[in-house]
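J.: A single structure is presented below for examination.
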Amino acid sequence: MTCRLFEGKDHASSYWKFRISPAANLIQQVLDFLEKHKGHPFELAVDVGCGSGQGTVLLAKHFASVVATDVSPAQVEMALQHAKEPNITYKQCVAEELPLADSSVDLVTAMSAFHWFDRPRFLQEAHRVLKPRGCMALLNYSMDMELSYPDCCSQTLNQICQEFYAALVPYRSAHLGTGSIEFYREAYKSLPYPDKEWHESVRVKRSMPLSSFMGFVESFSSYQTLVREDPQKASALSQDIFHRLMSLMKVSSAETEVEVSVKYYCLLACKPQEA
């Protein structure tokens with residue numbers, strides 16, 4: 001069964017404001033894989049676990065139509081408000097029961113979502129809806145994001161960030177085990193598709209205000225769990241990290257731009273013609 005942790009409207013709003021979308025080069029890597037193994041036309045893509053639609057809109061530029069699904073009504077509502085394109089249709093449903101016909105989809109994606117699914121059932125469902133030579137892309141990023149700021153010691157800056165991440169570990173969902181990357185590696189090994197690729201340690205750098213970086217971490221399910229259990233402790237932790245970062249950077253504005261390096265990994269696979 002899909003693990004449901006992103007249901008509340010406040011969390012969905014935070015997700016929309018602060019979650020980062022995959023970089024253009026990652027999306028292009030997916031499209032290049034699809035082009036190589038299936039080719040045009042790119043008719044239908046399905047973005048499963050779409051959240052508030054940040055990744056969905058990137059797909060919409062390349063496909064005649066995109067169906068985006070999420071189990072959370074609040075996330076779908078947020079996507080409908082902010083990530084609207086005429087060729088996108090949003091549907092509320094579980095990842096393991098997609099409202100699509102057999103062999104009808106060119107590309108199935110799950111961006112930072114696969115680890116919350118019933119993974120064996122989802123892989124079976126993706127196989128069902130994919131056309132022969134259709135492709136699947138499962139993307140995610142790791143927690144070890146790195147900050148940098150001019151004339152500031154990156155090692156000390158990231159020691160503070162690591163303290164933030166470590167403080168959230170006790171609130172991490174038991175569903176994720178010791179690390180979600182293992183779910184993706186396991187899926188790569190188990191998929192009986194001859195044409196598949198595993199990419200790890202794909203670093204993507206983004207500039208954003210320090211306040212957005214903090215909001216990004218605060219949108220994590222572990223931080224939201226802490227908020228539910230002890231709101232004061234969550235706020236105190238966040239404020240302490242925030243002020244220590246600003247002090248080290250010698251800045252007074254929360255909107256000071258920092259560079260955030262995010263490490264992605266992804267699984268790309270092509271359904272065989274005869275499957």
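J.: How would I241, I20 line up by accessible area, probe 1.4 Å, largest first?
T.: Descending accessible area places them as I20, I241.
J.: Over the chain, average the accessible area per residue using a 1.4 Å probe and give it in Å², no decimals.
T.: 44
J.: Using alpha-carbon positions, what is the distance between the centroids of the stretch 253-275 and the stretch 146-211, in Å?
T.: First find each Cα centre; the distance between them is then 10 Å.
J.: Hey, which of these cross-link pairs are over 18 Å Cα-Cα: K36/K84; K233/K263; K131/K196; K91/K196; K36/K196; K189/K271?
T.: Correct reply: K36/K84; K233/K263; K91/K196.
J.: Also: Rounded to the nearest 500 deg cm²/dmol, what is the calculated helix-only ellipticity per residue at 222 nm for the chain, with -39500 (n - 2.57) per DSSP H run of length n ≥ 4?
T.: Per the formula, -12500 deg cm²/dmol.
J.: If you plug each phi of the stretch 32-47 into the Karplus form 6.51 cos²θ - 1.76 cosθ + 1.60 with θ = phi - 60°, what whole-Hz ³J(HN,Hα) values come out, in order, with x for Gly and Pro?
T.: 5, 5, 5, 4, 5, 9, 10, x, 6, x, 8, 8, 9, 10, 10, 9
J.: Counting Lys and Arg as +1 and Asp and Glu as -1, what is the net charge of the other residues whose Cβ lies under 12 Å from the Cβ of P120?
T.: Summing Lys and Arg as +1 and Asp and Glu as -1 gives -2.
J.: Arrange the peptides 181-194, 255-268 so that the one whose residues have, on average, the most other Cβ atoms within 10 Å appears first.
T.: Ranked from most to least packed, the peptides come out as 255-268, 181-194.
J.: Sticking with this one: In whole Hz, with x marking every Gly and Pro, tabulate ³J(HN,Hα) for the stretch 66-73 from phi via Karplus 6.51 cos²θ - 1.76 cosθ + 1.60, θ = phi - 60°.
T.: Those phi angles translate into 10, 9, 10, 10, 8, 6, 8, x Hz.
J.: Under a GNM of the chain (C-alpha, springs under 10 Å), which listed residue has the highest mean-square fluctuation: C93, C50, C153?
T.: C153
J.: Ignoring ligands, DNA and RNA, how do K131, K91 rank by accessible area with a 1.4 Å probe, largest first?
T.: K91, K131
J.: Which FRET efficiency value, to the nearest 0.05, is calculated for E43 and V204 with the Förster distance at 22 angstrom and r the Cβ-Cβ distance?
T.: Calculated transfer efficiency: 0.20.
J.: Name the most mobile residue of D47, D195, D70, meaning the one with the largest mean-square fluctuation, in a Gaussian network model of the chain with Cα contacts below 10 Å.
T.: D195
J.: For the chain, set up a GNM with springs between Cα atoms under 10 Å and report which of S222, S112, S154 has the largest fluctuation.
T.: Fluctuation is largest for S154.
J.: If the cut-off is 13 Å between C-alpha atoms, which aspartates and glutamates fall inside it for K250, apart from same-chain ones fewer than 8 positions away?
T.: Leaving aside aspartates and glutamates fewer than 8 places away in the same chain, those within reach of K250 are D151.
J.: What percent does the relative contact order of the chain come to when contacts are Cα pairs within less than 8 Å and at least six residues apart?
T.: After rounding, I find 23 percent.
J.: Go through the stretch 188-195 residue by residue and turn each phi into a ³J(HN,Hα) via Karplus (6.51, -1.76, 1.60, θ = phi - 60°); whole Hz please, and just put x for glycine and proline.
T.: So the J values, rounded to whole Hz, are 4, 5, 7, 5, x, 9, x, 9.
J.: Under 11 Å from the 7 Å Cα→Cβ point of C152, by amide nitrogen: which residues of the stretch 225-263?
T.: Taking a point 7 Å out along Cα→Cβ of C152, the residues of the stretch 225-263 whose backbone N falls under 11 Å are 242-260.
J.: Let me ask another. Where both partners of a DSSP beta bridge lie in the chain, what percent of those bridges are antiparallel, to the nearest 5?
T.: Roughly 55 percent of the DSSP beta bridges within the chain come out antiparallel.
The values are calculated or read from the model by the stated rules, or taken from the named source; none is laboratory data. Since the model is a prediction, treat every value here as computed from it, not as a measurement. Ideal geometry is used to build each Cβ from the backbone, glycine not excepted, and the neighbour counts take in all protein chains shown. In case anyone asks, the SASA skips ligands and DNA or RNA and just uses the protein heavy atoms, side chains included. Shrake-Rupley method; radii C 1.70, N 1.55, O 1.52, S 1.80 Å.
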